[in-house]
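Engineer: Following this message is one structure expressed as structure tokens.
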Amino acid sequence: MRTWDAPGWGWSKAAIGFRSEFLDFARGIRVGNLEPHERITRILKAGLEARYGQEFVTERWGRGVYWQWIGFLVRANRAAKPLSSGVSFGCSKFFVTVDGEDGLFKCGLQVERGFVRAPAGFRECQLKSDWDWHRLVKGVTPRGALMAEVRRLVGEEGFRLQAGSWRAPHVFEGKPPTARALHAALADAAPRDWCAFQLYYGQTEQDIRGTAGTDLIEMMMAAFDEVTPAMNLSSQVSIGGSVPVRP
């Protein structure tokens, strides 16, 4: 994956106080009891808004000092949903997470199907006709632009793809799936299972430790930039294209 190096980050690199130890592989991503310039949420949101010229909404899973998952979605994309403008599940989004079970810090693109038949109390998580999921599934064709991005990212750039049920996901690494295999993975999730698509760059705890905080932020922004074409192909509202990079 190429490094991300563009002007207009929305903050000064020298002022960033984020540190690698804030990615805790036992507890999650530390966001509490920190100064604003140390918080990954503030840093990435400012960077994304400066990068794309769009307002982003921050979503999260977790509570207290440590969060397990953080997502950033384009506000205009959510607002464009005629049925689902009040929730974020229907939107393609950038995400970061510390997955203790897999032993990876992940950053990239996530598109959710949610539930086809939601349990009681989770009706807002039930798939609607205006969700970006339908664009994603429609784009999974052998000669389509979305599958070209999957082949590039998984086959050439070291990304991983996770698709299907959260309970028993299909993971593709090194060798990208065919369109038929990806369709099968997405369709494999039962209607009452939470189902999603993730295209992400993963790093182990060993990769993370000892890396400067600014370098980690650059890596996350680079991963977001790499998945932007795939995000645009699955979103109702598109955002900017590639930024200047250095080899």
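Engineer: Across all directions of projection, what mean area in square nanometres is found for the Cα convex hull of region 123-247?
Structural biologist: On the way: hull surface 37.7 nm².
Orientation-averaged projected area of the Cα hull: 9.4 nm².
Engineer: Take the chain, connect every pair of alpha-carbon atoms lying under 10 Å apart with a spring to form a Gaussian network, then pick out the residue of LEU23, LEU83, LEU104 with the largest mean-square fluctuation.
Structural biologist: Per the Cα network of the chain with a 10 Å cutoff, LEU83 tops the list.
Engineer: Using +1 at the C-beta of Lys and Arg and -1 at the C-beta of Asp and Glu, which of THR178, PHE224, GLY240 has the Cα lying farthest in the positive direction of the dipole of region 152-247?
Structural biologist: THR178
Engineer: Here's a follow-up. (i) 57, 41, 34; (ii) 46, 41, 34; (iii) 47, 43, 38: which one is Cα extents along the principal axes in Å as calculated from this entry?
Structural biologist: Recomputing Cα extents along the principal axes in Å here gives the entry labelled (ii).
Engineer: Moving to a separate point now. Using a Gaussian network model of the chain with C-alpha springs under 10 Å, which one of SER88, SER235, SER20 is most mobile by mean-square fluctuation?
Structural biologist: In the Gaussian network model the winner is SER20.
Engineer: Another question about this same structure. Please report, in debye to the nearest 20, how large the charge dipole of the chain is about its Cα centre when each Lys and Arg carries +1 at its beta carbon and each Asp and Glu carries -1 there.
Structural biologist: Working: 32 positive and 27 negative charges, 143 e Å.
So the dipole magnitude of the chain works out to roughly 680 debye.
Engineer: Then there's this: List the relative contact order of the chain as a percent without decimals, with contacts defined as Cα pairs under 8 Å and 6+ residues apart. Could the numbers behind the result be given before it?
Structural biologist: Details: 504 pairs, mean separation 59.4, N = 247.
Result for the chain is 24 percent.
Engineer: Show me the ranking of peptides 131-140, 204-213 by mean Cβ neighbours inside 10 Å, starting with the highest. Present the calculation step by step, with values, prior to reporting the outcome.
Structural biologist: Values: 131-140: 19.9, 204-213: 13.1.
Highest mean packing first, the order is 131-140, 204-213.
Engineer: If R0 is 30 Å, what FRET efficiency do you get for ALA50 and ALA26 from their C-beta distance, rounded to 0.05? Each step should come with its number before you reach the end.
Structural biologist: Values: r = 33 Å, r/R0 = 1.09.
Taking R0 as 30 Å, the efficiency between ALA50 and ALA26 is 0.40.
Engineer: Shifting gears a bit: Using the Cα centre of region 85-169 as the reference point, and only Cβ charges (+1 on K/R, -1 on D/E), how large is the resulting charge dipole? Debye, rounded to the nearest 20.
Structural biologist: Values: 13 positive and 10 negative charges, 73 e Å.
In debye, rounded to 20, region 85-169 gives about 340.
Engineer: With +1 assigned to the C-beta of every Lys and Arg and -1 to the C-beta of every Asp and Glu, and no other charges, what is the dipole magnitude of region 126-247 about the Cα centre in debye, to the nearest 20?
Structural biologist: With only Lys, Arg, Asp and Glu charged at Cβ, the dipole is about 520 debye.
Engineer: Could you order the peptides 183-189, 158-164 from most to least packed, using the average number of other C-beta atoms within 10 Å per residue?
Structural biologist: On the way: 183-189: 17.1, 158-164: 21.9.
So the order, starting with the most tightly packed, is 158-164, 183-189.
None of the figures in this text is laboratory data; all of them are computed from the coordinates on show. What you see is a predicted model, and the numbers here were worked out from it, not measured in a lab. Here the Cβ is made from the backbone with ideal geometry for all residues, glycine too, and neighbour counts use every protein chain on show.
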